[in-house]
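Participant: Please find one structure pasted underneath; my questions will follow.
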Amino acid sequence: MSRIVFSAFLLLNFYLAKVSILDLGAANGFNDAMNVYLEAEPTRFTSLKPLDSLLTLLVAFFKPIADGKDVPLTLFCVVFGGQLVPLYLLVLVESMRSANRERFITYPSVWGVTWQLMTIGITLPCYFLTWIWTSPIPAAAASSPEDFAAAISIDQVQGAAVTGAWVLGFILPSIALGIPSPQLISESTQAKLLAFWQAFPIWTSLAHFVISALVSALDVVPKTSRNKPSTKIARFNQIYSYALVPAAVLYLGVLGLIYARAGSLTGGLLSASELAAAAFRPTWPWDATPVASFEKGVLTMLQWDLYMSSAASWIWVSYMAYVTAGVGGMVRDVGKLVALSAVLGPGGAALAVVWGRDVGAIRAGAAAGGKK
């Protein structure tokens, strides 16, 4: 019954994401502004014209972000970039869990490319809905602490490669987007960097595969220690902490910058509270008022993109809390999500709660096994 209830919440989440991301763009004219780039002759990035048309559209969408001329858009996207790390890591870690192997949810690059094309706010509700109905982890949680610990365990070789894969596949390409154009690089080079960045889920997966092979070949993680609870906990601690650091630093850094330098950032036009509202408060989903500018259209879409994807992760975290600890556990974890979001952002809060659950499950499984 709980699976049906939480599936209904995810379906509602999906519907609201459609309304706030796709339908709002159609109502306020932003989609029409985007269609201009689809109808124009595409920039040549590859030898495939359909792919070039798609990349031309995506580059046009992300170019105002790379230019950094719209202050609220720039500030929000810095936060969004930090939140992408924990949100994508949720998907990546689930693909490595023992119980989820050889299932559709174990292909993070597929889900990542889908959200680059369809937005993460629309994709994550679908991902977590698929997870709820295909993953055997909830059944393992209901079976015994040992089964649950075994189900959520990850391959230690793959786990050791996660951080390096993120740095190579996402962080470095993202930093490259901040290189000023045309001061340091040409607009053509900037466009190529933007086009390259669009495939970060693929680059991350490729880097993860290569680094995993190197870790295995060099025996970085000794086989004798891979199944020890202490090794599993240490790996979770490493993976999650490395993802939460940039999420927290960027989130708190932007908030601090807004309240310390709002006047200088906006030429005295906006107060700190006004700048914060401009950066983080989206347009009402059913507001048909024409969008003020292309940049404002990009900002509104990305705002709802982050909020809807974060809502999906919170629903999923709440579902797992209910499965493992009942109503009391769910209420407790929802409280943690709210509290942690003030420091880590909404995506970071979801990952932090999963971190605590994973470590607790490994310890509980080890304790239960030791009693036998």
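Participant: Considering only region 260-298, state which residues are of a type in the set (D, E, K, R) and surrounded by 17 or more Cβ atoms within 10 Å (Cβ to Cβ). Explain how you work it out, then say what you get.
Facilitator: Within region 260-298, the subset of a type in the set (D, E, K, R) is 261, 274, 281, 287, 295-296.
Across region 260-298, the qualifying residues are Glu295, Lys296.
Participant: Taking into account only those residues within region 214-259 that are part of a loop (DSSP other than H, G, I, E, B) and of a type in the set (A, V, I, L, M), which is surrounded by the most Cβ atoms within 10 Å (Cβ to Cβ)?
Facilitator: Among those residues, the one meeting the criterion is Val221.
Participant: What tally of residues in region 146-156 results from selecting those that are in a helix (DSSP H, G or I) and crowded, with 21+ Cβ neighbours inside 10 Å? Write out each step before concluding.
Facilitator: So in region 146-156, the residues in a helix (DSSP H, G or I) come out as 146-152, 156.
Checking the rest, the ones that are also crowded, with 21+ Cβ neighbours inside 10 Å come to 148-149, 151-152, 156.
Final tally of qualifying residues: 5.
Participant: Within the group Ser264, Ser309, which residue is of a type in the set (S, T, N, Q) and either in contact with a Ser or Thr (Cβ under 6 Å, 6 or more places away or on another chain) or closer than 27 Å to Gly112 by Cα (or both)?
Facilitator: Values: Ser264 fails: either in contact with a Ser or Thr (Cβ under 6 Å, 6 or more places away or on another chain) or closer than 27 Å to Gly112 by Cα (or both).
After ruling out the rest, the residue left standing is Ser309.
Participant: Further question: Where residues in region 196-205 are in contact (Cβ under 8 Å) with a residue 60 or more places away in the chain and in a helix (DSSP H, G or I), which of them is farthest from Ile239 (Cα to Cα)? Spell out how you get there, then give the answer.
Facilitator: Going residue by residue through region 196-205, those that are in contact (Cβ under 8 Å) with a residue 60 or more places away in the chain are 197-202, 204-205.
Pick out the ones that are also in a helix (DSSP H, G or I) and you get 197, 200-202, 204-205.
On the way: Trp197: 23, Phe200: 19, Pro201: 17, Ile202: 19, Thr204: 15, Ser205: 16 Å.
Ranking the qualifying residues of region 196-205, first place goes to Trp197.
Participant: If you check every pair at least six apart or on different chains, which have Cβ atoms under 6 Å apart with a residue in region 227-238 that is in contact (Cβ under 8 Å) with a residue 12 or more places away in the chain first and a residue that is of a type in the set (Gly, Ala, Ser) second?
Facilitator: Pro229/Ala366; Thr231/Ser225; Lys232/Ser153; Arg235/Gly159
Participant: Contact list please: Cβ distance under 6 Å, first residue in region 265-279 and touching a residue at least 24 places away in the same chain (Cβ under 8 Å) and within 11 Å of Leu73 (Cα to Cα), second residue of a type in the set (Phe, Trp, Tyr) and surrounded by 14 or more Cβ atoms within 10 Å (Cβ to Cβ), pairs at least six apart or on different chains.
Facilitator: Final answer for the pair search is Ala279/Phe76.
Participant: Applying the selection to region 36-71, what residues are among the basic types (Lys, Arg) and either at pLDDT 90 or above or more than 23 Å from Leu302 (Cβ to Cβ) (or both)? If you could, list the steps in order and put the result at the bottom.
Facilitator: Filtering region 36-71 down to residues among the basic types (Lys, Arg) leaves 44, 49, 63, 69.
Matches in region 36-71: Arg44, Lys49, Lys63.
Participant: Right, something else. For residues that are under 12 Å from the mean Cα position of the chain (by Cα), in a helix (DSSP H, G or I) and of a type in the set (Ser, Thr, Tyr), tally how many sit in region 85-126.
Facilitator: Of the residues in region 85-126, 2 are under 12 Å from the mean Cα position of the chain (by Cα), in a helix (DSSP H, G or I) and of a type in the set (Ser, Thr, Tyr).
Participant: Also: Name every residue in region 285-325 that is hydroxyl-bearing (Ser, Thr, Tyr) and either in contact with a strand residue (DSSP E or B) (Cβ under 6 Å, 6 or more places away or on another chain) or modelled with pLDDT under 95 (or both), in order of residue number.
Facilitator: Residues satisfying the conditions are Thr289, Ser293, Thr324.
Participant: Additional query: Filter region 1-26 down to the residues that are among the aromatic types (Phe, Trp, Tyr) and crowded, with 16+ Cβ neighbours inside 10 Å and list them by number.
Facilitator: Of everything in region 1-26, those that are among the aromatic types (Phe, Trp, Tyr) and crowded, with 16+ Cβ neighbours inside 10 Å turn out to be Phe6, Phe9, Phe14.
Participant: Under 8 Å by Cβ, and 6 or more places apart or on different chains, what pairs join a residue from region 45-58 that is more than 16 Å from Gln116 (Cβ to Cβ) and free of Cβ contacts under 8 Å to residues at least 24 places away in the same chain with one that is buried (at least 17 other Cβ atoms within 10 Å of the Cβ) and basic (Lys, Arg)?
Facilitator: So the pair list comes out empty.
The values are calculated or read from the model by the stated rules, or taken from the named source; none is laboratory data. The shown structure was predicted, so the numbers you read here are calculated from the model rather than taken from an experiment. As a convention, Cβ positions derive from the backbone with ideal geometry for all residues, glycine included, and neighbour counts pool all protein chains shown.
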